[in-house]
Amino acid sequence: MSGRTPLMAANWKMHFTVDEAVALVEELNRGITRFDDREVVVAPPFTALAEVASALADSPIRLAGQNCHWESQGAYTGEISPPMLRHLGCDYVIVGHSERRQYFGETDESVNRKILALLEVDLGSIFCIGETLEERQAGKTLDVLAKQLRGGLEGLDEEQAGKLVLAYEPVWAIGTGHTASPEQAQEAHAFVRDNLAKRFNNAVANHMRILYGGSVKPDNVDELMAQPDIDGALVGGASLKAASFTRIVDFEE
Ligand code: PEP
């Protein structure tokens, strides 16, 4: 027993109007049966956060933002700050998702600034790392993960690190239907945990939840969650339908 509470997170990306988002979260609230021994998080688009927060007022489902700026306010047109997300009732923010790195110029440095800014307002990050297909084929997976961890966690102390959640998301598996095998995922997760133990200490490493993301579906979640270092899932496509995300949350041990 790892003692880590599994965390199952839905990343809705740029999907759903406010009404659609509220309808989906209400369906999840009715359908999920395993709230006692696992944590469930949804990350709606910014426009739906306030209404989804109201719909979740009496629910154990927790709320996450999909991104943020590192400044708390200022002349940054189109950006959203950590305090704004805090006030909306978020507990987490996804940081460094590969789509942000790939399409919007997110770097290890900007990821680090965001993680530190979120900690300032007591918000946890779901900090995403992962290699591209070329990097994997070139045998560089573990080097890439080490570099992203080093850059993203620069300047954090042990207490701050204890508030984070990590997500290993191989870029080649996101939205492609190609899931990492349980062995590939376990190898990466064990490497990440070992890296955290060296960078911080064993207590931080053993406490840290490391989620797997990349085409998690109802038919592969059980074998992924059976791996000793996989502590949850960050789910894109399969989180857009209540039935499939409910089955993912209710994974069988
Ligand atoms: C993601 O976007 O974090 C993700 C893992 O997407 P998908 O489940 O669709 O691969």
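The values are calculated or read from the model by the stated rules, or taken from the named source; none is laboratory data. These numbers were taken from a predicted model, which means no experiment stands behind them. So basically every Cβ, Gly included, is an ideal-geometry build from the backbone, and we count neighbours across all protein chains shown. All accessible areas refer to the heavy atoms of the entire protein, side chains included, with ligands and DNA or RNA removed. Shrake-Rupley method; radii C 1.70, N 1.55, O 1.52, S 1.80 Å.
How long are the semi-axes of the ellipsoid equivalent to the chain, from square roots of 5 times the Cα gyration tensor eigenvalues, in whole Å, largest first? Mind dumping the intermediate values first?
Numbers: eigenvalues 123, 101, 60 Å².
Listed largest to smallest, the semi-axes of the chain are 25, 23, 17 Å.
Under unit Cβ charges (Lys, Arg +1; Asp, Glu -1), what dipole magnitude, rounded to 20 debye, does the chain have relative to its Cα centre?
On the way: 23 positive and 38 negative charges, 57 e Å.
Charge dipole of the chain: 280 debye, to the nearest 20.
Answer rounded, prolate or oblate for the stretch 1-75, using the Cα gyration tensor with square roots of eigenvalues a ≥ b ≥ c: rounded when a/c is under 1.5, else prolate when a/b is larger than b/c, else oblate.
Numbers: a/c = 2.28, a/b = 1.31, b/c = 1.74.
Oblate, since a/c reaches 1.5 and b/c is not below a/b.
Dipole of the stretch 136-253 (Lys/Arg Cβ +1, Asp/Glu Cβ -1, origin at the Cα centre): which of Met208, Leu156, Ile230 lies farthest to the positive side?
Leu156
For the chain, please report how many Lys pairs fall under 15 Å Cα to Cα, leaving out neighbours fewer than 8 apart on the same chain.
Details: Lys13/Lys241; Lys114/Lys163; Lys147/Lys198; Lys217/Lys241.
Going through the chain pair by pair, I get 4.
Cα-based Rg of the stretch 167-253 per 2.2 N^0.38 Å, rounded to two decimals?
Working: Rg = 13.0 Å, N = 87, 2.2 N^0.38 = 12.0 Å.
Ratio of Cα Rg to 2.2 N^0.38 Å: 1.09.
I'd like the distance separating the alpha-carbon centroids of the stretch 78-134 and the stretch 173-220, in whole Å.
If you average the Cα positions of each part, the centres end up 18 Å apart.
In Å², and per residue, what accessible area does the chain have when probed at 1.4 Å with the other protein chains present? Spell out each step's value before the answer.
Details: 11510 Å² over 253 residues.
I get 46 Å² per residue for the chain.
For the pair Tyr76 and Tyr103, how long in nm is the line joining their label points, each one 7 Å along Cα→Cβ?
The modelled label-to-label distance comes out at 2.0 nm.
Tell me the Kirkwood radius of the stretch 1-151: reciprocal of the mean inverse pair distance over distinct alpha-carbon atoms, in Å.
Roughly 16.6 Å, rounded to one decimal.
Quick check: at a probe of 1.4 Å, how many percent of the accessible area of the stretch 80-189 sits on carbon and sulfur atoms? Show your work: numbers first, answer last.
Details: 2400 of 4860 Å².
That fraction is 49 percent.
Rounding to the nearest 20 debye, state how big the charge dipole of the stretch 141-253 is about its Cα centre with +1 on each Lys and Arg Cβ and -1 on each Asp and Glu Cβ.
360 debye
Rounded to whole Å, give me the distance from the Cα center of the stretch 6-40 to that of the stretch 239-253.
Distance between centres, Cα-based: 9 Å.
Run the dipole for the stretch 20-142 about the Cα centre, Lys and Arg Cβ at +1, Asp and Glu Cβ at -1, nothing else charged, and hand back the magnitude in debye, nearest 20.
On the way: 11 positive and 20 negative charges, 28 e Å.
Using only the charged Cβ atoms, the result is roughly 140 debye.
If you take the charge dipole of the stretch 90-173 about its Cα centre, with +1 on Lys and Arg Cβ and -1 on Asp and Glu Cβ, which of Ala138, Leu119, Gly105 is farthest toward its positive end?
Working it through, the farthest residue towards the positive pole turns out to be Ala138.
Quick one: length gained pulling Ala243 to Phe35 fully straight, 0.36 nm per residue minus the C-alpha distance? Write out the running numbers ahead of the final one.
On the way: separation 208, 0.36 × 208 = 74.88 nm, distance 1.58 nm.
My answer for the length gained is 73.3 nm.
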